[in-house]
Amino acid sequence: MSSDLDELDYLRRVELLARDLVERAFGEGMLSCSPDPDDANPLHRAIDELARTLRHYHFDGDGCVDDRPLYRIAGAGLIRPDSDSYAELCVRLGVQARAEGWALWHTWDNRHQPHTLVTTCIATTEGLLENWARGISVLPAKPDRSQLVAVVREWAGPVVLSPDHAREIGIAGQ
């Protein structure tokens, strides 16, 4: 390891190595990510604890403590009033402009047709994007009906693909 790493680079390196360890343990069938089985040895328990700790950056609506089911989405984005195209995007999505902006979630209906959900889930979307920027696949809790403002056929607006969906369609490393 290079001795010129600053503290943040060093910690990021340790995090990446820990993620590699957890991924390899999963591939070997050692990882349960659930309560440890009674016959788990100390190494197995340590790797499970590491996996639970590394799961992701926690945020409101991340599904960890919510009683709502997780919601599978292909991508998410935020549109904000400071964007030059904000007013145009609001018109295209059929929503009124608002000071907080809007969160966009790309998903499918029960016929597998693409839809964009326009939601007020700004903090949840910021948490998703933070995790996805680190390559961590997480799904949000299903939005409450009061958080859904519009459903637009097709996928619209700026979006960041989830790591899982990017791999699924073949545009991300395996």
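Key figures for this structure:
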| read-out | value |
| --- | --- |
| Inter-residue pairs, beta-carbon under 8 Å, first in contact (Cβ under 8 Å) with a residue 40 or more places away in the chain and closer than 12 Å to residue 22 by Cβ and in the stretch 37-52, second assigned to a loop (DSSP other than H, G, I, E, B) and open to solvent by 90 Å² or more (accessible area, probe 1.4 Å), 6+ apart | none |
| Pick from the stretch 115-134, criterion in contact (Cβ under 8 Å) with a residue 60 or more places away in the chain and open to solvent by less than 60 Å² (accessible area, probe 1.4 Å), ranking: farthest from residue 98 (Cα to Cα) | 131 |
| Residue within the stretch 152-168 that is of a type outside the set (A, V, I, L, M, F, W, C), more than 30 Å from residue 16 (Cβ to Cβ) and exposed (fewer than 14 other Cβ atoms within 10 Å of the Cβ) present | yes |
| Matching entry among 67, 62 (being of a type in the set (Asp, Glu), closer than 27 Å to residue 144 by Cβ, modelled with pLDDT under 75 and open to solvent by 60 Å² or more (accessible area, probe 1.4 Å)) | 67 |
| Selection from the stretch 105-114 of residues that are touching a residue at least 24 places away in the same chain (Cβ under 8 Å) and not aromatic (Phe, Trp, Tyr) | 106, 107, 113, 114 |
| Number of positions in the stretch 97-114 that are exposed (fewer than 15 other Cβ atoms within 10 Å of the Cβ), among the hydrophobic types (A, V, I, L, M, F, W, C) and at pLDDT 95 or above | 2 |
| Members of the stretch 70-96 that are open to solvent by 70 Å² or more (accessible area, probe 1.4 Å) and either in contact with an Asp or Glu (Cβ under 6 Å, 6 or more places away or on another chain) or in contact (Cβ under 8 Å) with a residue 12 or more places away in the chain (or both) | 70, 72, 80, 92 |
| Residues within the stretch 135-151 that are β-branched (Val, Ile, Thr) and open to solvent by less than 30 Å² (accessible area, probe 1.4 Å), tallied | 2 |
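The values are calculated or read from the model by the stated rules, or taken from the named source; none is laboratory data. Since this is a predicted model, take the numbers as computed values, not measurements. So basically every Cβ, Gly included, is an ideal-geometry build from the backbone, and we count neighbours across all protein chains shown. Side chains are part of the model used for accessible areas, which takes the heavy atoms of the whole protein and leaves out ligands, DNA and RNA. Shrake-Rupley method; radii C 1.70, N 1.55, O 1.52, S 1.80 Å.
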